[in-house]
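> Quick one: the structure is below, and I'll ask about it shortly.
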Amino acid sequence: MFENDILVAGADPGFGAIKLDIGDTKILFPAVICNGSERIFSTLGKTEPDKGTEIEKQVSSLDVIVRNNSSGVERHYFMGSLAESLNPKEAHYCWDEDKSTDEEAMALLIVALALAQPYPKTNIYLGTGVPVKFYAPLKDKYEAELKGSFSVTFLSGPFKGQTRSMNILRSRVLPQSYGVYIKETITEKAQPINPKLLGGYVVVIDPGFRTTDIATFYDGIMLDPPNSFSIEKGLQWAYAGVAEKLKEMTNDHTNPIETDDKELDKVFRVNKGLYPWNNGAIDLNPVMKKMLSQLAADISREVMKTLKPMAGRIHTVLVAGKVGEMVFEYLNLENKVLIDDPQFGNATGFRIMAANLVHNLTRKVNVD
């Protein structure tokens, strides 16, 4: 979304996936990365997908060089599903809590922005978020670090040979669940869209890969801890339970299956929960269902325990995120509502927040 030649973007760089929203374009890919290398055998055969938009095809072929133009440091990476395919041993999630100083996490974000920008060179105003429990210690650091000049060169896919440069002018950081609340309550021009949510008690539940963020709002204001908090449980916890069960199911064999969350994430994302084995496949969906219902029970219990004093007055519980969508039916909470496009709840909210800030700045300039 352009405002006065500035691209306004909302980014939600989660532990499991990178989500980016610029209004008319959304970018999504697994937050998996490894060092790039020369491709010899992997260029043989049909590696490029033939379905989808140009961007979707490019997202599945992220062989890139990311350059920090200020420091001159340049790195070659494989990212997303390409990293999983070409280097499954070294491909990993970006686990660092502080993504602002983690070079790989920053590279994933820069590549998402490069994919979305419509011109070779762009000025960007970025809205993003951090988990509720890290907001106080990390907000200022994020806003200071997440800016500067970067460029991305694509080495494969439809954008092969193209270099896209960006200048991140400013970043504004919010607690993660706040993005969801903004998306559900205001427009880019700060017009209210759901007055009911701006009054009384509203709770946002945003389960992620490693943590679940809970934010409580009263009359449109986000309440401080303990009413807004993080639970150390998310999809990764469910995957750990599935991995344990899979090992148990194959225990009688010479090589029982030992797997991890990265492999299971791919099994559920790409293989629809079927784990290839022997002459067929093991259906892990029933086990996953059980783990998700347990995760939902734990989240429901923690929410009700912590918010007990106001429990009867909560008129809406907004549930967001891809994991939120997966556990929604199992949540034992009254007045629960699954938001539209739950996976992009935060990214869209962060974009709306950034657009409001740019709008206010330009209005101020025009008035002055």
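The values are calculated or read from the model by the stated rules, or taken from the named source; none is laboratory data. In this text the structure is predicted, and so the values were computed from the model without any measurement. Positions of Cβ are generated from backbone atoms using ideal geometry, with glycine treated the same way; all protein chains shown enter the neighbour counts. Heads up: the accessible areas ignore ligands, DNA and RNA and are worked out on the full protein's heavy atoms, side chains in. Shrake-Rupley method; radii C 1.70, N 1.55, O 1.52, S 1.80 Å.
> Out of all the residues in the range 191-208, which are open to solvent by 60 Å² or more (accessible area, probe 1.4 Å) and of a type outside the set (K, R)?
Q191, P192, I193, P195, L198
> Tell me, which strands (runs of 3 or more DSSP E) lie completely within the range 31-139 with 2 or more residues that are modelled with pLDDT under 85?
none
> Mind checking whether some residue in the range 311-325 is over 20 Å from the mean Cα position of the chain (by Cα), at pLDDT below 95 and not hydroxyl-bearing (S, T, Y)?
Taking every residue of the range 311-325 in turn, at least one turns out to be over 20 Å from the mean Cα position of the chain (by Cα), at pLDDT below 95 and not hydroxyl-bearing (S, T, Y).
> For the range 302-312, give me the residue count where each residue is touching a residue at least 12 places away in the same chain (Cβ under 8 Å) and either basic (K, R) or in a helix (DSSP H, G or I) (or both).
5
> Now for a separate question. Taking only pairs six or more apart or across chains, which ones have beta-carbon atoms under 8 Å, a first residue in the range 330-355 that is more than 20 Å from V8 (Cα to Cα), and a second residue that is outside any helix (DSSP H, G or I) and of a type outside the set (A, V, I, L, M)?
N335/H315; N335/T316; V337/T316; P342/G321
> Name the one entry in E84, E74 that is open to solvent by 30 Å² or more (accessible area, probe 1.4 Å) and either among the acidic types (D, E) or assigned by the TED database to the domain that holds F350 (or both).
Values: E84 fails: open to solvent by 30 Å² or more (accessible area, probe 1.4 Å).
Sole residue among the options that is open to solvent by 30 Å² or more (accessible area, probe 1.4 Å) and either among the acidic types (D, E) or assigned by the TED database to the domain that holds F350 (or both): E74.
> Considering only the range 156-195, how many residues are without any contact (Cβ under 8 Å) to a residue 60 or more places away in the chain, in the same structural domain as T212 (by the TED database) and not in a strand (DSSP E or B)?
5
> Spot the failing condition for M106; the list is (1) touching a strand residue (DSSP E or B) at 6+ places or on another chain (Cβ under 7 Å); (2) buried (at least 16 other Cβ atoms within 10 Å of the Cβ), and only one is missed.
For M106, the failing item is (1).
> Got a sec? Which of E248, E232, E263 is in the same structural domain as L333 (by the TED database) and over 21 Å from the mean Cα position of the chain (by Cα)?
That would be E248, the only listed residue that is in the same structural domain as L333 (by the TED database) and over 21 Å from the mean Cα position of the chain (by Cα).
> Tell me the residue from I299, I352 that is touching a helix residue (DSSP H, G or I) at 6+ places or on another chain (Cβ under 8 Å), over 15 Å from G234 (Cβ atoms) and β-branched (V, I, T), please.
Within the list I299, I352, the selection yields I352.
> Being assigned by the TED database to the domain that holds F350, farther than 15 Å from Q343 by Cα and modelled with pLDDT of 95 or more narrows it down to one of I205, I221, so name that one.
Going through I205, I221 in turn, the sole match is I221.
> Would you confirm whether any residue within the range 15-24 is exposed (fewer than 15 other Cβ atoms within 10 Å of the Cβ), modelled with pLDDT under 95 and not β-branched (V, I, T)?
Looking through the range 15-24, at least one residue is exposed (fewer than 15 other Cβ atoms within 10 Å of the Cβ), modelled with pLDDT under 95 and not β-branched (V, I, T).
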